[in-house]
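Values in this text are rule-based calculations from the coordinates and carry no lab data. From a predicted model like this one, the values you see are computed outputs, not experimental measurements. For neighbour counting, all protein chains shown are included, and Cβ atoms are generated from backbone atoms with ideal geometry for every residue, glycine included.
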Amino acid sequence: MSVRLMTEVWAVSLPDSEKLVLLALADCANDEGLCWPSMATLARKCSKSDRTVQASIKRLVASGHMSRSEVPGKGCRYIIHPTTETASPPKPLRPEVPSPPKGTTQTPEAASDKPSRTINPQEASPPSVKRKREPKPKPHRLPDDWKPTRFAEGTVAREIVDRRGQEWARATLELFRNWAANADHKPGKGLKLNWQLAFANWIIEQDNRDGNRSTSVSRQPASVRGGRPDPALDMLRAARAAQGTPDGAPGGGRDHRQTGLALSTEWTG
């Protein structure tokens, strides 16, 4: 359960069914927004029918609050990224004009007994100044100079990068940038609020894709790290071979544990 994501979901203005489904997904997700609940689990948590839950998920994906994809052999993978609309600045309140007091006409003698009182402008309380709300960030394209930062210890993405190695991380970052450059200009696809979080999810998905392909490529030549085929590393080596870069050259196909090379400044994970 991700308390942070549930807090963000509560702040989003949504219809009842959609908010209930998004809260149920956040209850199953980790802090990176990834979860794998079944449709029966979501229907039970929301006390809704399967059809109602499916319709709510479809609307949430269309509005950019989450992503959904089918993974063969594993079911549906959901990634939650709730977005809130930019709040409009509050309208200034006009001061109420006091109505003149009702009374009888006084004679000059009666009026002279009561001294007049002049209101000092300094005694009047200053008008309250309302703070303008800063506009909330909107989903945007991946900046050309964007560089990922090191993932925190104990996260799934950090464990995968440490296990797969530097060359795999470089190849995955290149694939991620190519995808971001060609993705649809829509929230949840080519437009993201947090590209660091999107890259962490990409790391997890790429590791899952490599695991699903490991059976089909086991009979073909492949790089093996820890006894496991590494398709992403093969893709990087094939591209470098086409450019004439030897496998043993700096940045080539040698194991990072043998060379001791640090990752480039583009990738500090």
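At Val71 and Trp10, where each label point lies 7 Å from the Cα along Cα→Cβ, what is the point-to-point distance in nanometres?
For Val71 paired with Trp10, the spin-label model returns 2.9 nm.
Out of Gln54, Leu34, Pro15, whose Cα points farthest toward the positive end of the dipole of the stretch 3-80 (charges: +1 Lys, Arg; -1 Asp, Glu; placed on Cβ)?
The one lying farthest along the dipole's positive direction is Gln54.
Using a 10 Å cut-off on Cβ atoms, rank the peptides 21-31, 150-160 from the highest mean neighbour count down.
Numbers: 21-31: 21.2, 150-160: 15.0.
Output ranking for 21-31, 150-160: 21-31, 150-160.
Classify the stretch 3-80 from the C-alpha gyration tensor, please: rounded if a/c falls under 1.5, else prolate or oblate depending on whether a/b exceeds b/c. Before the final figure, lay out the partial values.
Working: a/c = 1.44, a/b = 1.14, b/c = 1.27.
The shape class here is rounded.
Please work out how much length the chain gains when fully extended from Arg177 to Asn194, using 0.36 nm per residue of separation minus the C-alpha to C-alpha distance, in nm with one decimal. List each step's numbers first, then the result.
Details: separation 17, 0.36 × 17 = 6.12 nm, distance 1.43 nm.
Computed gain between Arg177 and Asn194 is 4.7 nm.
Could you work out the relative contact order of the stretch 1-90, using alpha carbon pairs under 8 angstrom and six or more residues apart, expressed as a whole percent? Write down the numbers at each step before the final one.
Details: 127 pairs, mean separation 28.6, N = 90.
Averaging sequence separation for qualifying contacts and normalising by length gives 32 percent for the stretch 1-90.
Need one number: nm distance between label points at Glu153 and Lys186, each 7 Å from Cα along Cα→Cβ, rounded to one decimal.
4.2 nm
Taking a threshold of 21 Å on the Cα-Cα distance, which of the pairs Lys19/Lys74; Lys19/Lys45; Lys58/Lys192; Lys58/Lys186; Lys74/Lys192 fall above it?
On the way: Lys19/Lys74 25 Å; Lys19/Lys45 12 Å; Lys58/Lys192 19 Å; Lys58/Lys186 15 Å; Lys74/Lys192 26 Å.
Correct reply: Lys19/Lys74; Lys74/Lys192.
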